[in-house]
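Contents: one structure, followed by commentary.
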Amino acid sequence: MAQIGYGYGSEFQLLRFLGHHRHEFEEIISKQIGGGVFEWEDFEFANPKNVISEDKEITGLEFLKRLYPSQYESIEAEYKKYIRKKDWQNWDAVFTQNGTLFLVEAKAHISELSSGKEEHGDSSKESILDYFKAQLPSLPVNRVWLQDYYQLANRLATAALLNKHGIKTKVLYIYFVNGYRKRVLEKKGRAEILFETVNLNASEVDFRAAIAEEMQTLGITHDEVSDLLAPPVFVNAEPVAYK
């Protein structure tokens with residue numbers, strides 16, 4: 001289980017904005033998806049021996065039991081035809097607004113968009129590819145979808161599955177501009193010195209270029225998947241000039 005970064009990274013920034021800047025955060029999102037009341041799903045608790053925050057991301061689709069009990073059984077049955085692992089997917093956040101379910105992915109630096117060159121899925125990769133093709137018959141699904149941008153591929157397929165079963169669903173990517181500056185504060189006598197150890201900050205321009213490459217690699221455009229993928233949301237994690 002991944003550990004939350006202290007003062008940097010997508011998980012930290014998401015927790016920070018939800019906890020300390022909720023109204024501003026929701027206003028930024030609303031500019032892309034429209035206004036309405038946000039109903040955020042709680043995270044699950046985790047064993048403190050495994051994760052320092054004692055929390056873990058929402059996993060799999062079991063959260064649908066509470067939100068959409070009448071559709072859950074049929075969704076689970078179709079899902080299990082292809083995917084046996086219950087916690088195959090982790091969601092950075094989940095919320096509903098105006099009758100739409102939003103599955104949130106947060107990113108704080110460019111390399112987080114890629115899942116690597118190798119095909120993902122281990123012994124289940126053929127079943128996963130069949131799952132993609134079954135849910136997204138109008139899109140050019142091929143083996144490339146198991147590689148670099150595997151995460152977006154499986155998110156789109158799952159959103160399509162839920163829509164097919166009557167749950168209006170969209171995947172929402174939130175990109176934290178200037179969201180990955182790792183710093184360490186040390187005391188030397190009475191003075192405090194701030195050291196920067198890692199800086200993977202990205203601008204909106206950087207993120208948009210990476211998104212364009214992602215879509216091109218998968219052979220799709222945003223217009224083709226706009227019923228499944230919300231417009232990207234960009235949040236400046238350093239609104240006050242860093243010195």
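The values are calculated or read from the model by the stated rules, or taken from the named source; none is laboratory data. Bear in mind the structure is a predicted one, so any value in this text is a computation, not a measurement. Note that we place each Cβ from the backbone using ideal geometry, even for glycine, and neighbour counts take in every protein chain shown.
Is it true that Lys168 is more than 15 Å from Glu112 (Cα to Cα) and either in contact with a strand residue (DSSP E or B) (Cβ under 6 Å, 6 or more places away or on another chain) or among the β-branched types (Val, Ile, Thr) (or both)? Quick ask: steps written out before the conclusion?
Numbers: more than 15 Å from Glu112 (Cα to Cα): yes; either in contact with a strand residue (DSSP E or B) (Cβ under 6 Å, 6 or more places away or on another chain) or among the β-branched types (Val, Ile, Thr) (or both): yes.
Yes, satisfied.
Please list, ordered by residue number, the strands (runs of 3 or more DSSP E) wholly in segment 108-211 having 1 or more residues that are in contact with a helix residue (DSSP H, G or I) (Cβ under 8 Å, 6 or more places away or on another chain). Please lay out each step first, then the result.
Values: elements: 169-177, 181-188, 191-199.
Fully inside segment 108-211 and qualifying: 169-177.
Quick one: is Val233 in contact (Cβ under 8 Å) with a residue 24 or more places away in the chain and touching a Ser or Thr at 6+ places or on another chain (Cβ under 8 Å)?
Judged against the criteria, Val233 is not a match.
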Checklist entry - Looking at segment 89-107, which of the residues that are buried (at least 17 other Cβ atoms within 10 Å of the Cβ) and in a loop (DSSP other than H, G, I, E, B) is modelled with the highest pLDDT? => result Asp92
Next on the checklist: I'd like the full set of residues that are in contact with a helix residue (DSSP H, G or I) (Cβ under 7 Å, 6 or more places away or on another chain) and in a helix (DSSP H, G or I), limited to segment 4-36.
Outcome noted: Ser10, Phe17, Leu18, Phe25
Checklist entry - Within the bounds of segment 212-220, is there any residue that is farther than 30 Å from Ala160 by Cβ, out of contact with any strand residue (DSSP E or B) (no Cβ under 9 Å at 6 or more places or on another chain), surrounded by fewer than 13 Cβ atoms within 10 Å (Cβ to Cβ) and among the small types (Gly, Ala, Ser)? => result no
Checklist entry - Can you name the residue in segment 167-211 that is surrounded by fewer than 12 Cβ atoms within 10 Å (Cβ to Cβ) and of a type in the set (Gly, Ala, Ser) and, of all such residues, is farthest from Lys31 (Cα to Cα)? => result Gly189
